[in-house]
Protein chains: 2
Amino acid sequence: MRLKLTIAYDGRPYNGWQSQVCGNTVQDFLNRALEEVAKQPLRVQGSGRTDTGVHAHAQTAHFDAPDELSMNPFNWVPALNTKLPATIRVMACEEVAADFHARFSAVGKIYRYDLCTDPVLPPLKAGLAWHLPRSLDPGVLSEALACFVGRHDFHAFAAYRGNETEDSDYIRTIHAADLKPLADGYQIEFHGDGFLYKMVRLLVGAAVKTAQGRYRLDDLTSLLDQPEGLPFGKSPLSAPADGLTLWEVIYR
Amino acid sequence: MRLKLTIAYDGRPYNGWQSQVCGNTVQDFLNRALEEVAKQPLRVQGSGRTDTGVHAHAQTAHFDAPDELSMNPFNWVPALNTKLPATIRVMACEEVAADFHARFSAVGKIYRYDLCTDPVLPPLKAGLAWHLPRSLDPGVLSEALACFVGRHDFHAFAAYRGNETEDSDYIRTIHAADLKPLADGYQIEFHGDGFLYKMVRLLVGAAVKTAQGRYRLDDLTSLLDQPEGLPFGKSPLSAPADGLTLWEVIYR
């Protein structure tokens, strides 16, 4: 039986999503919890990676539960949570079609990024927001974000991962990039059909630089639709992982 | 020059407020930061202790800055924050009268306590709320809290600290004990002229037990105004430190 997990995590204690030799990743903790419950090696397939320090409100993953376990899907939730640290929680578990794939069946993702503009970053926001106590023009920030909306070549907003090929595809569609005021700053929400490696943090970095008056909107738009990418050193600065949360993975 | 500090902290990494040999307390971190800035030993006096795992939105403390430093009070904020971990922040610093005392000049305190009633405690709430997924009657919870309001002998709601004397005073006045719904649970706010050791957690523990139907309101009120305290084993259960935040210390 193929099962889909919805997982929330605080990214601060972990070396990202993707399994590593160190073992301190969200995927590693989930795999170990599955193995403890099922008493056999089981592996989750996630919707995609999140970097060290990036949080998730609803990451998704699938795995194949052995039929002989005959466990109700909803029983996996407490069974896994008792084996997981409190900063990783399985929020839901449901049966899906045998051809469902957490990564390839996804048709979109929503990311949120929090900015804190208070003079002092409150202790409970440490690692959960980008602290920007200097002046930031929210009107310009909104304008900058609006530039990203649509179907574009985002090569300039992709970090080098090492597995790129000549025909790597950097075309993505951003459906929305909205700015919402918070009590102590702002929240940016991106909704797109998919995101390149570090793309959200590079978009946020460029938009913030513009809102701080260190880029013009023209500089920003000139970074879009650059099929050759950018010369080294021209790439926009990446926003820190702190404020970023994978909010939702969308399936049909 | 006597200075008053307003300090916020995430209680999770620390062994409470009060200085200890281990050195891992909020007061120890503040004393070390002061010493680094002033290049001489300085000590803060807090408004009162908070236990391991208890948070503060606006704890207060005072210290005497040596005159030869001639530092503007507001310059202490960034100077101390660069020496402190991100989970302890000095939010404000102001000059006060020479006879101001963080503890003895306080005329009241506000504490908040968060309950999470969602089936699964979200990872970002781990250590920040008491997880109560089982049914809880908010009407009864409000009624239970209302019983505490007024001037009472709270001997039954004080944990043994070891420095009690025959004439220890257990009379306190609670001005308000309010329940506010949150998206994922409830927040209790106590406003009183002062609180005994572990009193807030014992009040919350008793009120929750009543709201869960495991105490009657009569059982609860019978714990109030017991000048002799209670026989061992009759004391209400303490709520965990997780949900508790020292919200404000009130001065005239």
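The values are calculated or read from the model by the stated rules, or taken from the named source; none is laboratory data. These numbers come from a predicted model, not from an experiment. Cβ coordinates were reconstructed from backbone atoms using ideal geometry, including for glycine residues, and neighbour counts include every protein chain displayed.
Here are some notes:
- Under the condition of being in a loop (DSSP other than H, G, I, E, B) and within 19 Å of the chain's Cα centre (by Cα), the residues counted in the stretch B:116-158 number 7.
- Residue list for the stretch B:1-32, restricted to those being within 14 Å of chain A (Cβ to nearest Cβ) and not aromatic (Phe, Trp, Tyr): B:Leu5, B:Thr6, B:Ile7, B:Ala8, B:Asp10, B:Gly11, B:Arg12, B:Pro13, B:Val26, B:Leu30
- Any chance A:Ser47 is at pLDDT below 95 and either among the polar types (S, T, N, Q) or under 19 Å from the mean Cα position of the chain (by Cα) (or both): no
- Any hit, the stretch B:172-193, residues being charged (D, E, K, R) and free of Cβ contacts under 8 Å to residues at least 12 places away in the same chain: yes
- Candidate set: the stretch B:102-143, residues that are without any contact (Cβ under 8 Å) to a residue 12 or more places away in the chain and away from chain A (no Cβ under 14 Å); chosen: the one farthest from A:Cys93 (Cα to Cα): B:Phe104
- Look at (1) more than 14 Å from chain B (Cβ to nearest Cβ); (2) on the phi > 0 side of the Ramachandran plot and you find that A:Gly53 fails only one, number (1).
- Flag for B:Asp178 being surrounded by fewer than 17 Cβ atoms within 10 Å (Cβ to Cβ) and either within 30 Å of B:Ala65 (Cα to Cα) or among the aromatic types (Phe, Trp, Tyr) (or both): no
- Of all residues in the stretch B:58-101, those that are among the β-branched types (Val, Ile, Thr), touching a strand residue (DSSP E or B) at 6+ places or on another chain (Cβ under 9 Å) and within 14 Å of another protein chain (Cβ to nearest Cβ) total 4.
- Within the stretch A:160-184, being assigned to a strand (DSSP E or B) and either charged (D, E, K, R) or touching a helix residue (DSSP H, G or I) at 6+ places or on another chain (Cβ under 8 Å) (or both) holds for A:Arg172, A:Ile174, A:Ala177, A:Asp178, A:Leu179, A:Lys180, A:Pro181.
- Residues within the stretch B:100-143 that are among the β-branched types (Val, Ile, Thr) and under 13 Å from B:Thr245 (Cβ atoms), tallied: 1
- Neighbours by Cβ (under 8 Å, 6+ apart or cross-chain): first from the stretch A:198-227, farther than 24 Å from A:His55 by Cβ; second among the polar types (S, T, N, Q) and surrounded by 17 or more Cβ atoms within 10 Å (Cβ to Cβ): A:Arg216/A:Thr210; A:Leu217/A:Thr210; A:Asp219/A:Thr210; A:Leu220/A:Thr210
- Residue that is nearest to the chain's Cα centre (by Cα) [pool: residues in the stretch B:63-98 that are over 19 Å from A:Pro119 (Cα atoms) and assigned to a strand (DSSP E or B)]: B:Phe63
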